[in-house]
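The values are calculated or read from the model by the stated rules, or taken from the named source; none is laboratory data. Just so we're clear, the structure is a prediction, and the values are computed from it rather than from any experiment. Quick reminder, even Gly has a Cβ in these numbers, built from the backbone with ideal geometry, and neighbours come from all protein chains shown.
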Amino acid sequence: MQLVKLGGSVITVKSRYRYFLQQTTRRIVHELKRIDDEIILVHGGGSFGHIKASEFSLNGSPASSVPDGISIVHRDMMELNQRIITVMLSEGMPGIGMPPSTFADPFMPPFGLIESYVEAGMFPVTFGDVYIRNGNSGIVSGDDLMLALALHFKPSRVMFLSDVDGIYDRNPKTHPDAELRKEVRGNEAFELNRDDVTGGMGKKLGIMKRIAETGTDVYLLNGRHPDRIWNMGTKEFVGTVIH
Ligand code: ATP
Ligand code: IP8
(Lines give C-alpha, C1' and ligand atoms only; values in the text may rest on other atoms or scores of the structure.)
(Ligands and ions follow the chains in the order given, each with its own letter.)
Protein backbone atom coordinates (compact mmCIF):
# COMPACT_ATOMS: atom_id res chain seq x y z
CA MET A 1 0.00 0.00 0.00
CA GLN A 2 1.09 3.56 -0.72
CA LEU A 3 -0.04 6.77 0.91
CA VAL A 4 -0.18 9.99 -1.13
CA LYS A 5 -0.90 13.57 -0.07
CA LEU A 6 -2.03 15.96 -2.76
CA GLY A 7 -0.92 19.27 -1.28
CA GLY A 8 -3.35 22.16 -1.48
CA SER A 9 -0.56 24.23 -3.04
CA VAL A 10 -0.37 21.99 -6.09
CA ILE A 11 -4.05 21.21 -6.74
CA THR A 12 -5.27 24.80 -6.15
CA VAL A 13 -3.97 28.34 -6.49
CA LYS A 14 -3.64 29.12 -2.79
CA SER A 15 -4.18 32.86 -3.16
CA ARG A 16 -7.36 32.61 -5.28
CA TYR A 17 -10.46 31.46 -3.41
CA ARG A 18 -11.74 28.09 -4.75
CA TYR A 19 -9.40 27.96 -7.73
CA PHE A 20 -8.93 24.30 -8.65
CA LEU A 21 -6.05 23.25 -10.91
CA GLN A 22 -7.79 20.52 -12.84
CA GLN A 23 -5.10 19.85 -15.44
CA THR A 24 -2.34 19.56 -12.84
CA THR A 25 -4.52 17.23 -10.81
CA ARG A 26 -5.24 15.16 -13.90
CA ARG A 27 -1.54 14.81 -14.70
CA ILE A 28 -0.85 13.63 -11.14
CA VAL A 29 -3.73 11.15 -11.17
CA HIS A 30 -2.57 9.89 -14.57
CA GLU A 31 0.78 8.87 -13.04
CA LEU A 32 -0.73 7.49 -9.81
CA LYS A 33 -3.02 5.31 -11.89
CA ARG A 34 0.05 3.53 -13.29
CA ILE A 35 1.29 2.50 -9.84
CA ASP A 36 0.48 -1.16 -9.43
CA ASP A 37 -0.46 -1.03 -5.76
CA GLU A 38 -3.23 -0.07 -3.38
CA ILE A 39 -3.29 3.68 -2.78
CA ILE A 40 -4.92 5.82 -0.10
CA LEU A 41 -5.08 9.50 -0.93
CA VAL A 42 -5.30 12.56 1.27
CA HIS A 43 -5.64 16.11 0.02
CA GLY A 44 -5.09 19.47 1.60
CA GLY A 45 -7.25 22.57 1.64
CA GLY A 46 -5.43 25.07 -0.52
CA SER A 47 -7.72 27.96 -1.40
CA PHE A 48 -10.81 25.84 -0.70
CA GLY A 49 -9.82 25.54 2.97
CA HIS A 50 -7.36 28.03 4.37
CA ILE A 51 -8.79 31.35 3.18
CA LYS A 52 -12.23 30.97 4.81
CA ALA A 53 -10.91 28.98 7.79
CA SER A 54 -8.62 31.92 8.53
CA GLU A 55 -11.38 34.49 7.93
CA PHE A 56 -13.70 32.70 10.38
CA SER A 57 -10.90 31.92 12.90
CA LEU A 58 -11.91 28.28 12.87
CA ASN A 59 -8.58 27.20 14.26
CA GLY A 60 -8.63 29.61 17.14
CA SER A 61 -11.14 30.70 19.73
CA PRO A 62 -14.70 30.13 18.53
CA ALA A 63 -16.25 33.28 17.02
CA SER A 64 -19.97 34.00 16.88
CA SER A 65 -19.99 33.31 13.16
CA VAL A 66 -18.48 29.83 13.65
CA PRO A 67 -21.48 27.73 12.52
CA ASP A 68 -21.53 29.60 9.21
CA GLY A 69 -17.78 29.28 8.89
CA ILE A 70 -17.82 25.55 9.59
CA SER A 71 -20.56 25.05 7.04
CA ILE A 72 -18.84 27.11 4.35
CA VAL A 73 -15.38 25.56 4.79
CA HIS A 74 -16.82 22.05 4.82
CA ARG A 75 -18.91 22.74 1.72
CA ASP A 76 -15.85 24.08 -0.08
CA MET A 77 -13.70 21.11 0.98
CA MET A 78 -16.39 18.67 -0.18
CA GLU A 79 -16.46 20.48 -3.51
CA LEU A 80 -12.69 20.17 -3.88
CA ASN A 81 -12.88 16.50 -2.88
CA GLN A 82 -15.58 15.78 -5.45
CA ARG A 83 -13.70 17.64 -8.17
CA ILE A 84 -10.67 15.45 -7.48
CA ILE A 85 -12.82 12.33 -7.56
CA THR A 86 -14.35 13.42 -10.87
CA VAL A 87 -10.83 13.69 -12.29
CA MET A 88 -9.94 10.29 -10.83
CA LEU A 89 -13.02 8.67 -12.35
CA SER A 90 -12.23 10.09 -15.75
CA GLU A 91 -8.74 8.55 -15.45
CA GLY A 92 -10.14 5.15 -14.47
CA MET A 93 -9.34 5.43 -10.77
CA PRO A 94 -12.54 5.04 -8.72
CA GLY A 95 -12.13 7.25 -5.66
CA ILE A 96 -14.39 7.48 -2.65
CA GLY A 97 -14.51 10.64 -0.54
CA MET A 98 -14.21 10.30 3.25
CA PRO A 99 -14.90 13.52 5.18
CA PRO A 100 -13.26 13.67 8.64
CA SER A 101 -16.00 15.99 9.97
CA THR A 102 -18.21 12.87 9.99
CA PHE A 103 -15.67 10.61 11.75
CA ALA A 104 -16.26 9.76 15.43
CA ASP A 105 -12.76 11.17 16.00
CA PRO A 106 -11.64 13.51 13.18
CA PHE A 107 -7.98 12.62 13.85
CA MET A 108 -8.63 8.87 13.67
CA PRO A 109 -9.92 7.78 10.24
CA PRO A 110 -12.21 4.71 10.20
CA PHE A 111 -9.51 2.20 9.27
CA GLY A 112 -11.79 -0.82 8.84
CA LEU A 113 -14.05 1.06 6.47
CA ILE A 114 -11.10 2.37 4.48
CA GLU A 115 -9.79 -1.17 4.19
CA SER A 116 -13.15 -2.38 2.85
CA TYR A 117 -13.05 0.17 0.06
CA VAL A 118 -9.43 -0.67 -0.76
CA GLU A 119 -10.30 -4.39 -0.88
CA ALA A 120 -13.11 -3.54 -3.31
CA GLY A 121 -10.51 -2.01 -5.66
CA MET A 122 -11.33 1.58 -4.77
CA PHE A 123 -9.16 4.53 -3.73
CA PRO A 124 -10.23 6.26 -0.51
CA VAL A 125 -9.69 10.03 -0.60
CA THR A 126 -9.81 11.78 2.75
CA PHE A 127 -8.89 15.41 3.35
CA GLY A 128 -8.25 18.30 5.70
CA ASP A 129 -11.60 19.31 7.14
CA VAL A 130 -13.49 21.14 9.90
CA TYR A 131 -14.71 19.45 13.07
CA ILE A 132 -16.47 20.08 16.35
CA ARG A 133 -15.24 18.14 19.34
CA ASN A 134 -16.16 18.72 22.98
CA GLY A 135 -17.88 21.95 21.95
CA ASN A 136 -14.82 23.37 20.21
CA SER A 137 -14.38 23.79 16.49
CA GLY A 138 -11.12 23.15 14.73
CA ILE A 139 -9.36 22.08 11.60
CA VAL A 140 -7.83 18.69 11.04
CA SER A 141 -5.00 18.96 8.54
CA GLY A 142 -4.44 16.50 5.73
CA ASP A 143 -0.95 16.10 7.19
CA ASP A 144 -2.43 14.94 10.56
CA LEU A 145 -4.43 12.34 8.63
CA MET A 146 -1.30 11.21 6.77
CA LEU A 147 0.33 10.47 10.13
CA ALA A 148 -2.67 8.53 11.47
CA LEU A 149 -3.00 6.51 8.25
CA ALA A 150 0.74 5.79 8.06
CA LEU A 151 0.89 4.60 11.68
CA HIS A 152 -2.04 2.26 11.10
CA PHE A 153 -1.46 0.89 7.60
CA LYS A 154 2.38 0.97 7.54
CA PRO A 155 2.48 1.72 3.79
CA SER A 156 5.55 0.74 1.80
CA ARG A 157 5.94 4.31 0.58
CA VAL A 158 4.60 7.72 1.61
CA MET A 159 4.68 10.76 -0.64
CA PHE A 160 3.75 14.38 -0.18
CA LEU A 161 3.18 16.29 -3.43
CA SER A 162 3.61 20.04 -3.17
CA ASP A 163 4.30 23.02 -5.44
CA VAL A 164 8.05 23.14 -4.75
CA ASP A 165 10.79 20.66 -5.70
CA GLY A 166 11.32 19.55 -2.11
CA ILE A 167 12.40 20.91 1.23
CA TYR A 168 14.91 23.74 0.93
CA ASP A 169 17.19 25.40 3.47
CA ARG A 170 14.83 28.42 3.21
CA ASN A 171 11.52 29.17 1.51
CA PRO A 172 12.36 28.99 -2.22
CA LYS A 173 9.45 31.30 -3.03
CA THR A 174 10.99 34.23 -1.17
CA HIS A 175 14.68 33.23 -1.44
CA PRO A 176 15.55 32.49 -5.08
CA ASP A 177 18.99 31.23 -4.01
CA ALA A 178 17.53 28.68 -1.55
CA GLU A 179 19.16 25.25 -1.72
CA LEU A 180 17.16 22.06 -2.29
CA ARG A 181 17.85 19.41 0.34
CA LYS A 182 17.91 15.84 -0.92
CA GLU A 183 17.93 14.92 2.77
CA VAL A 184 17.18 17.35 5.58
CA ARG A 185 19.97 18.49 7.90
CA GLY A 186 17.94 19.98 10.72
CA ASN A 187 18.86 23.63 10.11
CA GLU A 188 16.16 24.41 7.54
CA ALA A 189 14.07 27.56 8.03
CA PHE A 190 10.39 27.73 7.17
CA GLU A 191 8.00 30.53 6.33
CA LEU A 192 4.26 30.38 6.72
CA ASN A 193 1.77 31.68 4.16
CA ARG A 194 -0.39 34.48 5.63
CA ASP A 195 -3.66 32.50 5.56
CA ASP A 196 -2.22 29.09 6.47
CA VAL A 197 -4.16 27.69 9.43
CA THR A 198 -2.39 24.34 9.80
CA GLY A 199 1.34 25.04 10.12
CA GLY A 200 2.74 24.79 6.58
CA MET A 201 5.99 23.12 5.59
CA GLY A 202 7.58 23.25 9.06
CA LYS A 203 4.79 21.18 10.59
CA LYS A 204 4.77 18.89 7.56
CA LEU A 205 8.46 18.09 8.05
CA GLY A 206 7.77 17.13 11.68
CA ILE A 207 5.03 14.75 10.52
CA MET A 208 7.25 13.33 7.78
CA LYS A 209 9.94 12.57 10.37
CA ARG A 210 7.46 10.82 12.65
CA ILE A 211 6.27 8.64 9.76
CA ALA A 212 9.87 7.85 8.75
CA GLU A 213 10.56 6.66 12.33
CA THR A 214 8.23 3.74 11.62
CA GLY A 215 10.66 2.52 8.96
CA THR A 216 8.91 3.88 5.85
CA ASP A 217 10.70 6.19 3.43
CA VAL A 218 8.84 9.49 3.12
CA TYR A 219 9.22 11.70 0.05
CA LEU A 220 8.36 15.29 -0.68
CA LEU A 221 8.26 16.13 -4.37
CA ASN A 222 6.84 18.60 -6.84
CA GLY A 223 3.37 17.58 -8.05
CA ARG A 224 3.84 19.78 -11.11
CA HIS A 225 6.32 17.15 -12.27
CA PRO A 226 4.43 13.97 -11.35
CA ASP A 227 6.70 11.80 -13.52
CA ARG A 228 9.30 12.25 -10.78
CA ILE A 229 7.52 9.57 -8.77
CA TRP A 230 9.20 7.01 -11.02
CA ASN A 231 12.64 8.08 -9.82
CA MET A 232 11.89 7.84 -6.12
CA GLY A 233 14.59 5.74 -4.46
CA THR A 234 17.12 6.33 -7.27
CA LYS A 235 20.03 8.79 -7.66
CA GLU A 236 18.07 10.68 -10.32
CA PHE A 237 15.23 11.53 -7.93
CA VAL A 238 14.46 15.25 -7.66
CA GLY A 239 12.95 15.93 -4.24
CA THR A 240 13.57 15.30 -0.57
CA VAL A 241 13.55 11.94 1.16
CA ILE A 242 13.39 11.25 4.88
CA HIS A 243 14.67 7.79 5.87
P1 ATP B 1 -1.88 22.40 2.01
O2 ATP B 1 -1.41 22.62 3.43
O3 ATP B 1 -2.88 23.44 1.55
O4 ATP B 1 -2.31 21.04 1.75
P5 ATP B 1 0.73 21.79 0.87
O6 ATP B 1 0.63 20.47 1.54
O7 ATP B 1 1.01 21.79 -0.58
O8 ATP B 1 -0.59 22.66 1.10
P9 ATP B 1 2.06 24.02 2.14
O10 ATP B 1 1.69 24.04 3.58
O11 ATP B 1 1.42 25.02 1.24
O12 ATP B 1 1.88 22.55 1.59
O13 ATP B 1 3.63 24.10 2.04
C14 ATP B 1 4.25 24.31 0.80
C15 ATP B 1 4.86 25.67 0.77
O16 ATP B 1 5.84 25.76 1.81
C17 ATP B 1 5.62 26.01 -0.48
O18 ATP B 1 4.78 26.62 -1.41
C19 ATP B 1 6.74 26.93 0.01
O20 ATP B 1 6.58 28.25 -0.43
C21 ATP B 1 6.62 26.90 1.52
N22 ATP B 1 7.90 26.80 2.22
C23 ATP B 1 8.27 27.56 3.29
N24 ATP B 1 9.49 27.24 3.72
C25 ATP B 1 9.95 26.26 2.88
C26 ATP B 1 11.17 25.50 2.82
N27 ATP B 1 12.20 25.71 3.67
N28 ATP B 1 11.29 24.56 1.85
C29 ATP B 1 10.28 24.32 0.98
N30 ATP B 1 9.10 25.02 0.99
C31 ATP B 1 8.93 25.96 1.94
O1 IP8 C 1 -4.16 21.89 3.84
C2 IP8 C 1 -6.39 21.99 5.92
O3 IP8 C 1 -5.70 20.83 5.49
P4 IP8 C 1 -4.19 20.96 4.99
C5 IP8 C 1 -7.86 21.94 5.55
O6 IP8 C 1 -3.77 19.56 4.64
C7 IP8 C 1 -8.63 23.17 5.82
O8 IP8 C 1 -3.38 21.48 6.14
C9 IP8 C 1 -10.08 23.02 5.91
C10 IP8 C 1 -8.11 24.36 5.95
Task: Failed condition for V197, given (1) outside any loop (DSSP other than H, G, I, E, B); (2) in contact with a His (Cβ under 6 Å, 6 or more places away or on another chain) - done: (1)
Open item on the list: Of all residues being surrounded by 16 or more Cβ atoms within 10 Å (Cβ to Cβ) and either basic (K, R) or assigned to a loop (DSSP other than H, G, I, E, B) (or both) in segment 226-238, which is farthest from ligand 2 (Cβ to nearest atom)? Just the residue, please.
Closed with: F237
TODO: Evaluate the following for F111: is it more than 16 Å from ligand 2 (Cβ to nearest atom) and touching a residue at least 24 places away in the same chain (Cβ under 8 Å)?
DONE: yes
Open item on the list: For K173, only one of the following conditions fails: (1) touching a residue at least 24 places away in the same chain (Cβ under 8 Å); (2) over 13 Å from the mean Cα position of the chain (by Cα). What is its number?
Closed with: (1)
Open item on the list: Tell me the residue from V130, V164, V125, V158 that is buried (at least 18 other Cβ atoms within 10 Å of the Cβ), in a loop (DSSP other than H, G, I, E, B) and within 16 Å of ligand 2 (Cβ to nearest atom), please.
Closed with: V164
Task: Single residue of segment 133-147 satisfying the filter (in contact (Cβ under 8 Å) with a residue 12 or more places away in the chain and either surrounded by fewer than 16 Cβ atoms within 10 Å (Cβ to Cβ) or part of a loop (DSSP other than H, G, I, E, B) (or both)) that is nearest to ligand 2 (Cβ to nearest atom) - done: S141
Open item on the list: So, G166, is that one of a type in the set (G, A, S), touching a residue at least 12 places away in the same chain (Cβ under 8 Å) and either more than 8 Å from ligand 1 (Cβ to nearest atom) or within 18 Å of I207 (Cβ to Cβ) (or both) or not?
Closed with: yes
Open item on the list: Exactly one of these conditions fails for R18: (1) more than 12 Å from ligand 1 (Cβ to nearest atom); (2) buried (at least 18 other Cβ atoms within 10 Å of the Cβ); (3) not acidic (D, E). Give me its number.
Closed with: (2)
Open item on the list: Being within 16 Å of ligand 1 (Cβ to nearest atom) and modelled with pLDDT under 95 is true for just one of E55, E79. Which residue is that?
Closed with: E55
Task: Test set (1) free of Cβ contacts under 8 Å to residues at least 60 places away in the same chain; (2) of a type outside the set (S, T, Y); (3) within 16 Å of ligand 2 (Cβ to nearest atom); (4) buried (at least 21 other Cβ atoms within 10 Å of the Cβ) - P67 fails condition number - done: (4)
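Residue-wise test of (1) surrounded by fewer than 21 Cβ atoms within 10 Å (Cβ to Cβ); (2) within 16 Å of L161 (Cβ to Cβ); (3) away from ligand 2 (no atom under 16 Å from the Cβ); (4) not small (G, A, S).
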{"site": "L180", "(1), (2), (3), (4)": "yes, yes, yes, yes"}
{"site": "N187", "(1), (2), (3), (4)": "yes, no, yes, yes"}
{"site": "R194", "(1), (2), (3), (4)": "yes, no, no, yes"}
{"site": "G199", "(1), (2), (3), (4)": "yes, no, no, no"}
{"site": "G202", "(1), (2), (3), (4)": "yes, no, no, no"}
{"site": "M208", "(1), (2), (3), (4)": "no, yes, no, yes"}
{"site": "G215", "(1), (2), (3), (4)": "yes, no, yes, no"}
{"site": "V218", "(1), (2), (3), (4)": "no, yes, no, yes"}
{"site": "N222", "(1), (2), (3), (4)": "yes, yes, yes, yes"}
TODO: Taking the options A120, A150, name whichever one is hydrophobic (A, V, I, L, M, F, W, C) and buried (at least 17 other Cβ atoms within 10 Å of the Cβ).
DONE: A150
TODO: Considering every residue within segment 13-26, establish whether at least one is free of Cβ contacts under 8 Å to residues at least 60 places away in the same chain, more than 26 Å from I132 (Cα to Cα), in a helix (DSSP H, G or I) and not acidic (D, E).
DONE: yes
Task: Failed condition for I39, given (1) away from ligand 1 (no atom under 16 Å from the Cβ); (2) out of contact with any Ser or Thr (no Cβ under 8 Å at 6 or more places or on another chain); (3) modelled with pLDDT of 95 or more; (4) more than 20 Å from K204 (Cβ to Cβ) - done: (4)
Open item on the list: Against the conditions (1) among the hydrophobic types (A, V, I, L, M, F, W, C); (2) without any contact (Cβ under 8 Å) to a residue 40 or more places away in the chain; (3) more than 14 Å from ligand 2 (Cβ to nearest atom), where does M78 fall short? Just the number, please.
Closed with: (3)
